[in-house]
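Just below is one structure, and these are the notes that go with it.
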Amino acid sequence: MKFGGTSVADAPAIRRLVEIVRTRREERPLVVVSALARVSNALLELPLLPVHHRRTAVHALLQRHRTLALELELPSHVTKPTAEEADILTSSLEALGDAPPSGEVLDFVAGHGELWSSRLVTAALERGGISSAWVDVRPVIHTDDHFTSATPERTGLPSRAREAFFGHLEAGRVPVSQGFLGSAPDGRPTTLGRGGSDYTASLLGAALEVDRVEIWTDVDGIMTADPRVVPQARLLPVASHHEAAELAAFGAKVLHPATQAPLVEAGIPCVVLNSFAPHRTGTRVISTADPGQVGPSPVRAVSCKRGITIVNVTSPRMLGASGFLRRLFEVFERHRISVDVLATSEVSVSMTVENSFPLDKLRRDLEELGEVSIAPERAIVAVVGLALRDSPGIAARIFSAVRDINVEVISQGASSTNLTFVVREEESLDAVRAVHREFIEESA
Ligand code: ADP
Ligand code: ASP
Ligand code: MG
């Protein structure tokens, strides 16, 4: 059972969590938690604050956890390790001075949120009469040393996970551990990237061969669009692992993009549930080729990923030449930059990458292959559905729905479940609303 930030945000949320865990007690749950809502952001901002403001900012975070412990009537020793770690954090931040923080520093700093929230949740369960145990996830989730988005080491994980959790489970205790965190080969703390707690839950679930992974969040499940963008969005009662992964990869924040991979391999379902309305049925994410239509059309959901840059490489050398794409992608591989959407013509290639990647060096290397142009502040809109490639007229309807918006790159066909296109960032939410209206609202 994974609880996200809003599901542990305050005393009422943690009390709800305790009651939700109680309903699953017979099933021997393992609980994974995120940091309290907004804490990861606040931690990540610390190294960017003026040095003399950092102590106060850490103290405010510590106070938030202390107040919560008081509200939940937890024993006072519960926040003792939190206070000690806050001291160490303050000293490290002061020692850092004005230097820009490395990935290693960011992971060390950000990781505190989950350590602190998980201690509160362990104690709240105990307080609610549910025997529980705090487990440090870092020795279990071994990763590489790619700080801020480390890749977990899968071999050895099942035995480490069994060792860490089975004793507690067999003794009838509910283990409570941290999402998001891991440790590099030399033991330094790492993180799995923003939103990575979902991934932790699926990694541990697969390693322990659980019956299911529950993702408890602040919406009813996976919806036909982000309900914050499209209030008319409808719940998908069932989704395939494949579409959940596609939606996550293209901006649907409800699940971390890597969450489905361990579950597909292990054949484990994942259920997305609303911790504010625990009796609702949520979305069941399963292995299925046919999750069913939500309306008369095969389109099932639409999402968008903002913060994208289009990189275009034009080279007459591409004409009829073999091996050009290999050289091109070697450059991206060398820079560890992944490409989301790709379209090619006879002499040019358009690719999209995330804005967060530093593109200067990439650009220089790409210029050896051809003329490079870069268009930042773009967004990918992804339309996900059943057999879109085989449904005549879908593309015409999509592009007529967004006819007032300039579409710069289109990609369809690689997967029959998705059609993606790239627009300017400021037009992307309108594009999502227009597609949703055309296929899901009109058909409701
Ligand atoms: P948590 O803190 O529980 O991990 P997140 O904020 O990471 O929660 O993810 C939940 C949010 O994902 C929702 O509040 C919603 O705004 C957003 N979201 C984006 N796309 C979708 C979608 N297709 N279905 C449901 N939620 C979505
Ligand atoms: N707390 C981390 C974040 O905000 C991980 C997570 O919530 O999944 O990114
Ligand atoms: Mg999340």
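The values are calculated or read from the model by the stated rules, or taken from the named source; none is laboratory data. All figures in this text were calculated on a predicted structure; none of them were measured in a lab. All Cβ positions, even for glycine, are placed from backbone atoms using ideal geometry, and neighbour counts span all protein chains on display. With ligands, DNA and RNA removed, areas are computed over all heavy atoms of the protein, side chains included. Shrake-Rupley method; radii C 1.70, N 1.55, O 1.52, S 1.80 Å.
Be a star and scan segment 251-284 for residues whose amide nitrogen sits under 16 Å from the point 7 Å along the Cα-to-Cβ vector of ARG154.
So the set is 257-269.
Measure nothing fancy, just the Cα-based angle from helix 197-207's long axis to the longest principal axis of the chain, in degrees from 0 to 90, nearest 10.
80 degrees
Helix 425-436 against the longest principal axis of the chain: what's the angle in degrees, Cα atoms only, rounded to the nearest 10?
That works out to roughly 90 degrees.
Leaving ligands, DNA and RNA out of it, rank THR283, THR23 by accessible area with a 1.4 Å probe, largest first.
THR23, THR283
Work out the length of the dipole vector of segment 66-190 about its Cα centre, built from +1 on the beta-carbon of each Lys and Arg and -1 on the beta-carbon of each Asp and Glu, and round it to the nearest 20 debye.
On the way: 10 positive and 18 negative charges, 106 e Å.
That gives segment 66-190 a dipole magnitude of about 500 debye.
Report the Cα centroid-to-centroid distance between segment 278-349 and segment 230-245 in angstrom, as an integer.
19 Å
For the pair ASP87/ARG38, report the inter-label distance in nm, with labels modelled 7 Å from Cα in the Cβ direction.
Placing both labels 7 Å along Cα→Cβ, they lie 2.8 nm apart.
At R0 = 35 Å, how high is the FRET efficiency between SER415 and LEU319 if r is their beta carbon distance? Nearest 0.05 is fine.
About 0.80, to the nearest 0.05.
Against the longest alpha carbon principal axis of the chain, how many degrees, from 0 to 90 and to the nearest 10, is the axis of helix 157-170 turned?
The angle comes out at about 40 degrees.
Can you find, among VAL409, LEU48, PHE180, the residue farthest towards the positive end of the dipole of the chain? Put +1 on the C-beta of Lys and Arg, -1 on that of Asp and Glu.
So the residue furthest toward the plus end is PHE180.
Give the percent of DSSP beta bridges with both residues in the chain that are antiparallel, rounded to the nearest 5.
Around 70 percent antiparallel, to the nearest 5.
Fully extended, how many nm does the chain gain between ALA99 and ARG363 (0.36 nm per residue separation, minus their Cα-Cα distance)? Intermediate values should be presented prior to the final figure.
Working: separation 264, 0.36 × 264 = 95.04 nm, distance 2.62 nm.
Between ALA99 and ARG363, full extension yields an extra 92.4 nm.
Sorted by accessible area (1.4 Å probe), largest first, how do LEU48, LEU17 line up?
LEU48, LEU17
If you add up the charges near ASP136, with Lys and Arg at +1 and Asp and Glu at -1, over every other residue whose beta carbon is less than 14 angstrom from its beta carbon, what do you get?
Its environment carries a net charge of 0.
Just subtract the alpha-carbon distance of SER373 and HIS279 from 0.36 nm times their residue separation and send over the number in nm, one decimal.
28.7 nm
If you place +1 on the Cβ of every Lys and Arg and -1 on the Cβ of every Asp and Glu, how big does the dipole about the Cα centre of segment 121-174 come out, in debye to the nearest 20?
Value, rounded to 20: 180 debye.
Hey, if you put +1 on the Cβ of every Lys and Arg and -1 on every Asp and Glu Cβ in the chain, which of GLY251, PHE147, THR79 ends up farthest toward the positive end of that dipole?
The one lying farthest along the dipole's positive direction is THR79.
Just by accessible area at a 1.4 angstrom probe, what is the order of TRP116, TRP134 from largest to smallest?
The residues order as TRP134, TRP116, largest area first.
Taking the Cα centre of each part, how many Å lie between segment 372-444 and segment 120-175?
40 Å
Counting only helical runs of four or more DSSP H residues, what would the 222 nm mean residue ellipticity of the chain come to if each run contributes -39,500 (n - 2.57) and the total is spread over all its residues?
The per-residue figure over the chain is -11000 deg cm²/dmol.
Using the crude model of +1 on Lys and Arg Cβ and -1 on Asp and Glu Cβ, and no other charge, please compute the dipole size for segment 266-350 relative to its Cα centre, in debye to 20.
Approximately 220 debye in magnitude.
Pick out, in residue order, every one of the GluC sites (Glu not before Pro) in segment 293-375 that is DSSP loop and has at most 13 other C-beta atoms within 10 Å; say none if there are none. Don't skip to the end; give the middle numbers.
Values: sites: GLU330, GLU333, GLU346, GLU354, GLU367, GLU368, GLU371; in loops: GLU346, GLU368.
Passing sites in segment 293-375 are GLU346, GLU368.
Which residue fluctuates the most in the chain, going by a Gaussian network model with Cα springs under 10 Å, if the choices are ALA83, ALA99, ALA69?
Of the options given, ALA99 has the highest mean-square fluctuation.
Rounded to the nearest 0.05, what FRET efficiency is calculated for HIS335 and ARG424 with R0 set to 25 Å and r the Cβ-Cβ distance?
Here the calculated transfer efficiency is 0.50.
On a straight-distance basis, which lysines could pair with LYS80 in a cross-link, Cα separation under 26 angstrom, same-chain partners fewer than 8 positions away excluded?
Of all the lysines, those that pass the test against LYS80 - Cα under 26 Å, at least 8 places apart if same chain - are LYS2.
How high is the FRET efficiency from THR344 to ALA11, r the C-beta distance, R0 51 Å, rounded to 0.05? Mind dumping the intermediate values first?
Working: r = 55 Å, r/R0 = 1.07.
The calculated FRET efficiency here is 0.40.
Using 0.36 nm per residue, how much length does the chain from GLU265 to THR23 gain when fully extended, once their Cα-Cα distance is taken away?
Contour length minus Cα-Cα distance gives 84.3 nm.
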